[in-house]
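Throughout, read-outs are computed from the coordinates displayed, never taken from laboratory work. Note that this is a predicted model, so its numbers are computed, not measured. Here the Cβ positions follow ideal geometry from the backbone for every residue, glycine too, while neighbour counts run over all protein chains shown.
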2 protein chains.
Amino acid sequence: MPEVMEISPPAPAPAPPDAAPQPLPGQSRYGWLAAGLRARITQGEWPPGAALPAEAALAKEHGVALGTLRQALALLVDQGLLERRHGRGTFVRGGLDGASMLRFFRFRHAGDLQAAPRSAIRARAVVPASAAAAEALGLPAGAPVLTLERLRSLDGRPVLLERITLPLPLFAPLAESDPAGWDDLLYPMFQRVCGVTVHRAEDQLGFALLSAADAALLGLPAGHPGAQVQRRAFDLAGRCVELRHTQGDALAFAYTAQVR
Amino acid sequence: MPEVMEISPPAPAPAPPDAAPQPLPGQSRYGWLAAGLRARITQGEWPPGAALPAEAALAKEHGVALGTLRQALALLVDQGLLERRHGRGTFVRGGLDGASMLRFFRFRHAGDLQAAPRSAIRARAVVPASAAAAEALGLPAGAPVLTLERLRSLDGRPVLLERITLPLPLFAPLAESDPAGWDDLLYPMFQRVCGVTVHRAEDQLGFALLSAADAALLGLPAGHPGAQVQRRAFDLAGRCVELRHTQGDALAFAYTAQVR
DNA sequence: CAGTGGTCTAGACCACCGC
DNA sequence: CGGTGGTCTAGACCACTGG
């Protein structure tokens, strides 16, 4: 089962009756189908959480055998785009929940039943993007971006300090609304307010000593070791829609990686 | 496609002509087949690197359609047990190469063309297992284990300090041979000398300051921040066959995690 | 109960590999 | 060229879900 996805998917709508609409360039039919379905999903024909038509219907619509259509769906499933539920249907996966940063840390304190993490926006600004940020977000050099500084707390104790960069035409609604009223989880709010689904992310982990100012915000001594997470988050279409630099107490860092 | 693997696989040999040999308890045929093939692999019928019989032959042997047999193979492929090569065959995957610890660090120095990492065994001993080690390795409390202390170097600079615990009946050959003659990569040597294939590992990443002695071995000042990797390595049958604690310069640590 | 995805079959033909 | 895995078909039947 090759993992590549072909380019130029077929037309979303059913084909004209003659002149075969799927001139398979040199690849598999199911790969082509998957690319077509992916396009219809990223274009919003089936929003996150919605159910696709039944397998039989999709197979008939594309004039293809059931097994072939199922192979296409399987591709999209292990790309994380779809989710199948036996007896219910095939659904477009929702976005990440935004609480995922805490998975890198162990902040439990002796038998605490964990309270929900709280979020406080400390600063918000519209600034020209740095060269690196523009590059990562696919913006022209110096394009305006929205930056946030955010402190996350557990049981009233500050535990994570985050600096977030968002591309600006897309996140304009957040440049105006009152941060005091924002949700504790950003990604569901991105979805609701800006229509942006954060679907996948790459987290680069590292360690560095905390600056005096950053350490103070986290209630730690200056020069305390900090765990650093540099995140690039992507939407359904694979475009980078967020840069996030997260710092926390290195001594609370714990993460399990699977090898092979 | 459920991911579970059924218990009590069918008999390895072809079935007696009557009295159906595969009394599917309540699960899928391909899951049952996969369990049977897995057993034959872990029992050494097809050693790592060897090719399985062709799909058609296996399907006929088990009295099953091609598609069903292919589903079973697909299960074992994404469990990492098998590897398929178009036009060549289906092969039992070899073990890990043992260089995988370095993937957590960036030790490049300005334009160096990287030399192969070197390994030096600093200490070897047979000792009673700690309670935690015995538990993890599935040994009785206080059973004898082989411990190694090992320093890995890049271009002559020490970069990683490792403390390794190995269960003893299994690794007895290593308790006697001369460590000076050992390979730089341990896992291929485990395979060759002890017949142990390291197939999968779980690495728990963390952070702690280095002790004065450990820091000295790494050429770092006492109390320098250290990245810690606590590894449990497993063989083809899923048994834990190695515990390894690795320390390195936290400031050289870099790892990228994929989020969903 | 009707509708969904999951399993399984028995074929055909294609694409890749190595000799 | 012969052997391998990869794709595709057109069906049948099973298992799960929800009203």
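Placing a label point 7 Å from Cα toward Cβ, how far apart in nm is A:Ala65 from its equivalents in the other copies, listed shortest first to one decimal?
Going from nearest to farthest copy, the values are 0.9 nm.
Which value, in debye to the nearest 20, describes the size of the charge dipole of the protein assembly as shown about its Cα centre when Lys and Arg Cβ atoms bear +1, Asp and Glu Cβ atoms bear -1, and nothing else is charged? It would help to have the intermediate numbers written out before the result.
Numbers: 52 positive and 48 negative charges, 34 e Å.
It works out to roughly 160 debye.
Among A:Thr68, A:Thr197, A:Thr147, which one shows the highest mean-square fluctuation when chain A is modelled as a Gaussian network with alpha-carbon springs under 10 Å?
Largest GNM mean-square fluctuation: A:Thr68.
For the range A:174-207 and the range A:59-111, write down the distance between their C-alpha centroids in whole Å.
Result: 20 Å between the Cα centres.
Could you work out which residue, out of A:Arg106, A:Arg200, A:Arg239, moves most in a Gaussian network model of chain A, that is, has the largest mean-square fluctuation with Cα springs under 10 Å?
Most flexible of the set in this elastic network: A:Arg106.
Relative contact order for chain A: what is it in percent, counting Cα pairs under 8 Å that are at least 6 residues apart? If you can, show how the numbers build up before the last one.
Numbers: 440 pairs, mean separation 37.9, N = 260.
15 percent.
Using a Gaussian network model on chain B with a 10 Å cutoff between Cα atoms, which of B:Gly156, B:Gly80, B:Gly238 fluctuates the most?
B:Gly156
Which is farthest toward the positive dipole end of chain A among A:Leu33, A:Val127, A:Ala180, measuring Cα position about the Cα centre, with Cβ charges +1 (Lys, Arg) and -1 (Asp, Glu)?
Among A:Leu33, A:Val127, A:Ala180, the one farthest towards the positive end of the dipole of chain A is A:Leu33.
Among B:Ile41, B:Ile121, which comes first, second and so on when ranked by fewest other beta-carbon atoms within 10 Å?
Details: B:Ile41 21, B:Ile121 17.
In order of increasing Cβ crowding within 10 Å: B:Ile121, B:Ile41.
Please report the residue of chain B with the smallest beta-carbon distance to the B-to-A rotation axis, and give that distance in Å, no decimals.
Smallest Cβ distance to the axis, with its residue: B:Pro225, 2.
For every other residue with a beta carbon closer than 11 angstrom to the beta carbon of B:Met101, add +1 if it is Lys or Arg and -1 if Asp or Glu, then tell me the sum.
Working: positive: B:Arg103, B:Arg150, B:Arg152, B:Arg231, B:Arg244; negative: B:Asp97, B:Glu162, B:Asp203.
Here the count lands on +2.
Just rank B:Thr256, B:Thr42, fewest to most, by other beta-carbon atoms within 10 angstrom. Don't jump to the answer; show the numbers that get you there.
Values: B:Thr256 12, B:Thr42 18.
The most exposed by this proxy come first: B:Thr256, B:Thr42.
Along Cα-to-Cβ, 7 Å out, sits the label point; list in nm, shortest first, how far the one on A:Arg122 is from those in the other copies.
3.9
Along Cα→Cβ at 7 Å, what distances in nm separate the B:Gly238 label point from those on the other copies, shortest first?
Result, one decimal in nm: 3.5.
Only helical DSSP H runs with n ≥ 4 go in: add -39500 (n - 2.57) per run for chain A, normalise by residue count and round the 222 nm mean residue ellipticity to 500 deg cm²/dmol. Walk me through the intermediate numbers first.
Details: 7 runs with 61 residues, N = 260.
The helix contribution divided over chain A gives -6500 deg cm²/dmol.
To the nearest 20 debye, what is the magnitude of the charge dipole of the range B:99-252 about its Cα centre, counting +1 on the Cβ of each Lys and Arg and -1 on the Cβ of each Asp and Glu?
180
Quote the charge dipole size of chain A about the Cα centre in Debye, to the nearest 20; the model charges only the Cβ of Lys and Arg (+1) and of Asp and Glu (-1).
Values: 26 positive and 24 negative charges, 86 e Å.
Charge dipole of chain A: 420 debye, to the nearest 20.
How much net charge surrounds B:Val196 when only the other residues with a Cβ under 10 Å from the Cβ of B:Val196 are counted, with Lys and Arg +1 and Asp and Glu -1? Please report the intermediate quantities before stating the final value.
Values: positive: B:Arg192, B:Arg239; negative: B:Asp235, B:Glu242.
Spelling it out: positives minus negatives among the neighbours equals 0.
Could you please report the charge total around A:Leu52, scoring K, R as +1 and D, E as -1 over all other residues with beta-carbon less than 13 angstrom from its beta-carbon?
Numbers: positive: A:Arg38, A:Arg40, A:Arg70, A:Arg84, A:Arg85, A:Arg88, A:Arg93; negative: A:Glu45, A:Glu55, A:Glu61, A:Glu83.
So the environment of A:Leu52 carries a net charge of +3.
Anything in chain A that counts as a DSSP H helix reaching 15 Å or more along its axis (C-alpha) with Kyte-Doolittle mean of at least 0.5? List them, would you? Working shown, then result.
Values: long enough: A:29-42 (20 Å, 0.02); A:66-78 (18 Å, 1.09).
Passing helices, by number: A:66-78.
Would you work out the relative contact order for the range B:180-249, in percent, from Cα pairs under 8 angstrom that are 6 or more residues apart? Please report the intermediate quantities before stating the final value.
Working: 113 pairs, mean separation 19.3, N = 70.
This gives 28 percent for the range B:180-249.
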